[in-house]
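S.K.: The structure is given below, and queries will be raised subsequently.
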Amino acid sequence: MPTASDAPSNVQAKPRARRTRRVLVILALIGLTLTISAELILRAFVGLGDPPIYFTDDKFEYAIKPGTYHRFGHEIFYNRYSMRSAEVEPRKTDPRELRLLILGDSIVNGGSPTSNSELATTLLEPKLTLKFGRPTRLLNIAQGSWGPRNVLGYLEKFGSFEADGAVLVLNSIDYGDEPTFGPLTHEQPTSRPILALQEAVQNYLPRAIEKVFGPSGPSEDDTNPPAERGNRSLDSLSALVTRLREEKIPLVVVMHLRRTEVEGKPLIGHAKIVERLKSLGVEVIESAPVFQKHYADTPPILRDDAHPSGPGQRILAEVLEGAIDRVFSQPAKGRE
């Protein structure tokens, strides 16, 4: 039974409990308000919450689903064949039309930081139409981390769209780049996240930490892969070259070096790929001489060690135009 001496402490405890509850409620409301505000800011101003959605395929491993996405203020469009190009029919409707396959990985694709209007392939189409005096289409067939085997699988599934020529953009990491057909990572979402915050924490927070604590780059397994895997990737490249030749599509390859390779020493994959291409009689163009002239430009032409920024896509367009000129200057290898 409480005594008279207990009464003051009980009276004091009740206001303290009420104050504690009030503080907790206020903190919860502040937390909820900050969370909602962050979610709205990430969606409205950053563009998170609407990532390009991936699908898997037993031929080319994966690609981004057709549709329009909005990221970082950019409009990102994939046509019904998962190209970053305007819609195209599998067969030409205009016999005068020129079609070129621009094949590769994220260098050609541009990624989410690049809108379709900034892409080298988009910039070049009207210029080449005037240059050749014929309607010209550049079909952007590229996905992040694709290698020659992925590209070959895509052409096996969808065909070559009656192309008149092809430019394949490769880099040193393509040596040893073979599909695994394993589960996709959280950076290749197959559905929209519930929250933009979820995407920020999963995908972009780790990248921000990497930038703070040290530059990220390709792993040792990528830069110096086992010879067996490297040889398989070269055989895939040979198979891709053979397929294009069988379809009478002339090919030029652009080798795109990372800036650290240009300013230091190329990775082993560069020499391996070039050696195989030369043995196949494929013309190779290096992008480094053109890009190197613009490394000091403002704004920067690269958003990291390898990938062209929006302004960098204009430099890539210059390289691609030179490669396309070489495509049409080749002897008619089977084009008769």
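The values are calculated or read from the model by the stated rules, or taken from the named source; none is laboratory data. Just so you know, these numbers come straight off a predicted model, no measurement behind them. Note that we place each Cβ from the backbone using ideal geometry, even for glycine, and neighbour counts take in every protein chain shown.
S.K.: Look through region 55-81, keep the residues that are in contact with an Asp or Glu (Cβ under 9 Å, 6 or more places away or on another chain) and not in a loop (DSSP other than H, G, I, E, B), and return whichever of them is nearest to Leu152 (Cα to Cα).
M.R.: Step by step, filter region 55-81, then rank; the result is Ala63.
S.K.: Can you run down the residue pairs with Cβ atoms below 7 Å, 6 or more apart or on separate chains, where the first is in region 32-54 and at positive phi and of a type in the set (D, E, K, R) and the partner is modelled with pLDDT under 85 and part of a helix (DSSP H, G or I)?
M.R.: That search, which allows pairs on different chains as well, returns nothing.
S.K.: Sticking with this structure for a sec: Being free of Cβ contacts under 8 Å to residues at least 40 places away in the same chain and either in contact with a strand residue (DSSP E or B) (Cβ under 9 Å, 6 or more places away or on another chain) or of a type outside the set (A, V, I, L, M, F, W, C) (or both) is the filter here, so list the residues in region 155-194 that pass it. Break it down into steps so the answer makes sense when it comes.
M.R.: First, the residues of region 155-194 that are free of Cβ contacts under 8 Å to residues at least 40 places away in the same chain: 182-183, 185-187, 194.
Once the filter is applied, which keeps residues that are free of Cβ contacts under 8 Å to residues at least 40 places away in the same chain and either in contact with a strand residue (DSSP E or B) (Cβ under 9 Å, 6 or more places away or on another chain) or of a type outside the set (A, V, I, L, M, F, W, C) (or both), region 155-194 yields Gly182, Pro183, Thr185, His186, Glu187.
S.K.: While we're on this one: Among the candidates Leu170, Leu101, which residue alone is surrounded by 24 or more Cβ atoms within 10 Å (Cβ to Cβ), more than 30 Å from Gly264 (Cβ to Cβ) and not β-branched (Val, Ile, Thr)? Quick ask: steps written out before the conclusion?
M.R.: On the way: Leu170 fails: more than 30 Å from Gly264 (Cβ to Cβ).
After ruling out the rest, the residue left standing is Leu101.
S.K.: Going through Ala271, Ala332, Ala296 one at a time, which residue ends up being hydrophobic (A, V, I, L, M, F, W, C), over 21 Å from the mean Cα position of the chain (by Cα) and at pLDDT below 95? Talk me through it step by step, then tell me what you get.
M.R.: Values: Ala271 fails: at pLDDT below 95; Ala296 fails: at pLDDT below 95.
So the residue among Ala271, Ala332, Ala296 that is hydrophobic (A, V, I, L, M, F, W, C), over 21 Å from the mean Cα position of the chain (by Cα) and at pLDDT below 95 is Ala332.
S.K.: Something else about it: If a residue has to be under 30 Å from Asp222 (Cα atoms), loosely packed, with under 15 Cβ neighbours inside 10 Å and touching a Leu at 6+ places or on another chain (Cβ under 9 Å) to count, how many in region 117-156 make the cut? Lay out the reasoning, then the answer.
M.R.: The initial filter retains those residues of region 117-156 that are under 30 Å from Asp222 (Cα atoms), namely 118-121, 138-156.
Then drop every residue that is not loosely packed, with under 15 Cβ neighbours inside 10 Å, which leaves 156.
Restricting the remaining residues to those that are touching a Leu at 6+ places or on another chain (Cβ under 9 Å) gives none.
Counting residues in region 117-156 that are under 30 Å from Asp222 (Cα atoms), loosely packed, with under 15 Cβ neighbours inside 10 Å and touching a Leu at 6+ places or on another chain (Cβ under 9 Å) gives 0.
S.K.: Filter region 271-286 down to residues that are under 25 Å from Glu228 (Cα atoms) and out of contact with any Phe, Trp or Tyr (no Cβ under 8 Å at 6 or more places or on another chain), then give me how many there are. Write out each step before concluding.
M.R.: Initially, region 271-286 is screened for residues under 25 Å from Glu228 (Cα atoms), giving 271-282, 284.
Of the ones still in play, those that are also out of contact with any Phe, Trp or Tyr (no Cβ under 8 Å at 6 or more places or on another chain) are 271, 274-282, 284.
Count: 11.
S.K.: Got a sec? Which of Asp305, Asp297, Asp325 is in contact (Cβ under 8 Å) with a residue 60 or more places away in the chain and either surrounded by fewer than 18 Cβ atoms within 10 Å (Cβ to Cβ) or farther than 16 Å from Leu103 by Cα (or both)? Show your work before the answer.
M.R.: Values: Asp297 fails: in contact (Cβ under 8 Å) with a residue 60 or more places away in the chain; Asp325 fails: in contact (Cβ under 8 Å) with a residue 60 or more places away in the chain.
The conditions single out Asp305.
S.K.: Please enumerate the residues belonging to region 208-226 that are at pLDDT below 85 and surrounded by fewer than 12 Cβ atoms within 10 Å (Cβ to Cβ).
M.R.: Residues satisfying the conditions are Ala208, Ile209, Lys211, Val212, Phe213, Gly214, Pro215, Ser219, Glu220, Asp221.
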